[in-house]
Amino acid sequence: MNLVSISWLRALRNQYERDEMFSGHAWRVVKFGEPKDAVELHELTWGEPSPGQVLIRVRTAGAGFPDAMMTAGHFPLLGEPPFGLGEEAAGEVVAVPPGSRFAIGDQVAGITGFLEGWGGYAEYAYVREGSAIRIPAGMTDEQAGGFPIGFRTAYAGLVERAPVEAGQTLLILGAAGSSGVAALQLGKALGTTVIAVAGSQEKLEFCARYGADHVVNYRTDDLTARITEITEGCGVDLIYDPIGGDTAATAVKSIARNGRIAVIGLASGSALSLDSMDMLLRNYTAVGVLASPNDDPETEAAVWDHLVSLAKHGAITTPVGRVYGFDEVPRMVAEQTAPGAGKSVVRVASK
């Protein structure tokens with residue numbers, strides 16, 4: 001065989017590798033509505049990842065309230081169906097673009113390409129390279145699959161958007177949920193006194209296990225009176241609010257002068273309504289928190305390095321709640337409007 005033939009074969013092989021396709025199943029929203037009607041299992045094909053992505057074979061994927069919002073048509077960052085579900089996933093890298101810092105075979109977790117219609121409840125998933133971490137030793141698949149979104153959001157809220165300082169008081173609403181308990185742990189790692197608010201004795205005990213200094217049942221306690229008692233009348237320096245609605249409105253009454261509220265979400269079904277005159281007279285601030293990546297890749301990498309370091313040292317961990325089978329995704333989505341304590345995770349495949 002001459003050199004021309006060898007070169008041609010190499011080129012053909014390289015082109016084949018670039019064009020390699022991966023086929024499997026994925027849960028997708030095909031119309032807005034109840035999950036049992038709106039979410040279907042489809043067979044899809046994944047091509048080679050674009051720059052800024054890696055393709056993984058999924059083992060686990062973290063779940064949350066946004067899944068229910070997407071299915072109902074209430075998620076503001078997505079258009080019309082069809083699109084994939086699942087914002088975060090963990091598994092093995094099967095394809096990378098040229099110049100990637102990852103290699104085939106790496107075990108990673110990260111935020112999926114859900115904003116482009118590709119989700120994590122699938123046998124394969126595109127993961128944003130800038131959000132991807134190598135799974136630390138000792139972190140289980142379930143912990144890895146539910147790690148990225150909650151802790152990146154908590155970091156955005158407590159470090160980037162409404163920085164909280166050691167010695168300050170942090171009030172967390174929905175503290176037993178996936179967003180709340182991530183903020184609880186990060187808040188403790190940052191040296192704050194954490195007041196965890198939840199709606200049952202079971203959830204309060206869960207929050208205490210993950211480090212809450214004080215727990216308050218918003219269903220049975222007088223929230224304002226309890227916060228006054230705990231803070232000796234000083235109020236709280238920062239409210240972390242993934243809930244919204246009446247509970248958040250009540251919590252704002254207990255914000256300290258020069259305090260802040262970080263608006264994370266609206267798991268109650270309605271966003272917090274703020275009174276600008278009240279903000280003026282009591283001199284407090286509200287900030288919106290969307291955990292979007294930094295424009296500077298090095299800065300974003302430093303965020304993830306910090307979070308991974310905290311995880312390696314045991315300061316933060318994914319508090320895994322219910323683990324669902326891959327065939328249970330529609331049921332899982334329906335249950336995210338009132339989940340149990342901890343992070344819901346979908347087990348897609350074994351190793």
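The values are calculated or read from the model by the stated rules, or taken from the named source; none is laboratory data. These numbers were taken from a predicted model, which means no experiment stands behind them. Every residue, glycine among them, receives a Cβ derived from its backbone with ideal geometry; neighbour counts consider all protein chains shown. Surface areas here come from the heavy atoms of the whole protein model, side chains and all, with no ligands, DNA or RNA. Shrake-Rupley method; radii C 1.70, N 1.55, O 1.52, S 1.80 Å.
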Pairwise centroid distance, computed over Cα atoms, of region 276-351 with region 158-172, Å: 16 Å
Give the relative contact order (percent, whole number) for the chain; include only Cα pairs under 8 Å separated by 6+ residues. 18 percent
Run the simple label-point estimate for Lys351 and Ala137 please: 7 Å along Cα→C-beta, distance reported in nm. 1.4 nm
Any residue on another chain or 5+ positions along whose placed amide H is under 5 Å from the amide H of Tyr284 is listed here as Asn258
Take the Cα atoms of region 162-245, find their three principal axes, and give me the spread along each one in whole Å, biggest first. 30, 28, 24
Of the accessible area of region 63-152, with the probe set at 1.4 angstrom, what percent is carbon plus sulfur? 56 percent
Among beta bridges that DSSP assigns inside the chain, antiparallel share in %, nearest 5: 60 percent
If you project the alpha carbons of region 283-326 onto their three principal axes, what span does each projection cover, largest first, in Å? 42, 29, 25
Show me the ranking of peptides 249-257, 75-83 by mean Cβ neighbours inside 10 Å, starting with the highest. 249-257, 75-83
Check Ile316: other-chain or 5+ apart residues with amide H under 5 Å from its amide H, H built from backbone geometry? Ala311
Accessible area per residue for the chain in Å², computed with a 1.4 Å probe and the full protein assembly in place, what is it? 45 Å²
Kirkwood hydrodynamic radius for the chain: how many Å is it when counted over pairs of different Cα atoms? 21.1 Å
Note the angle between two axes, namely the Cα long axis of helix 3-18 and the longest principal axis of the Cα atoms of the chain, as a number of degrees from 0 to 90, rounded to the nearest 10. 30 degrees
Estimated vicinal HN-Hα couplings, Hz - region 266-282 in sequence order (Karplus 6.51, -1.76, 1.60; Gly, Pro = x): 9, 5, 6, x, 9, 6, 5, 9, 10, 9, 5, 5, 5, 4, 5, 5, 9
Pair Arg101, Gln201: separation of 7 Å Cα→Cβ label points (nm): 4.8 nm
Which part of region 145-165 falls in the paramagnetic zone of Cys234, meaning amide N under 19 Å from the point 7 Å along Cα-to-beta-carbon? 163-165
Give me the percent of the accessible area of region 239-351 that comes from carbon and sulfur atoms, probe 1.4 Å, all protein chains in place. 52 percent
Net charge near Gly73 (other residues with Cβ under 12 Å of its Cβ; Lys, Arg +1; Asp, Glu -1) is -1
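Work out how much length Arg257 to Thr299 would gain on full extension: take 0.36 nm times their residue separation and subtract the Cα-Cα distance, in nm to one decimal.
Fully extending the segment from Arg257 to Thr299 adds 12.0 nm.
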Thr250 and Ala271 label points (each 7 Å along its Cα→Cβ direction) are spaced in nm at 2.3 nm
Around Gly325, under 15 Å between beta carbons, what's the net of Lys plus Arg minus Asp minus Glu among the other residues? -2
Cα gyration tensor of region 170-324, axes a ≥ b ≥ c as square roots of the eigenvalues: rounded (a/c below 1.5), prolate (a/b > b/c) or oblate? oblate
What number results when the radius of gyration of region 53-179, computed over Cα atoms, is divided by 2.2 N^0.38 Å? 1.12
What list of ³J(HN,Hα) values in whole Hz, one per residue of region 131-145 in order, does the Karplus curve 6.51 cos²θ - 1.76 cosθ + 1.60 (θ = phi - 60°) give from phi, with Gly and Pro shown as x? 9, 7, 10, 6, 5, x, 4, x, 7, 6, 4, 5, 5, 5, x
From the helices alone, meaning DSSP H stretches of at least four residues, give me the mean residue ellipticity at 222 nm for the chain, per-run term -39500 (n - 2.57), in deg cm²/dmol to the nearest 500. -9000 deg cm²/dmol
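Mind ordering 105-111, 281-287 by average Cβ neighbours within 10 Å, highest first?
Result, highest mean Cβ count within 10 Å first: 105-111, 281-287.
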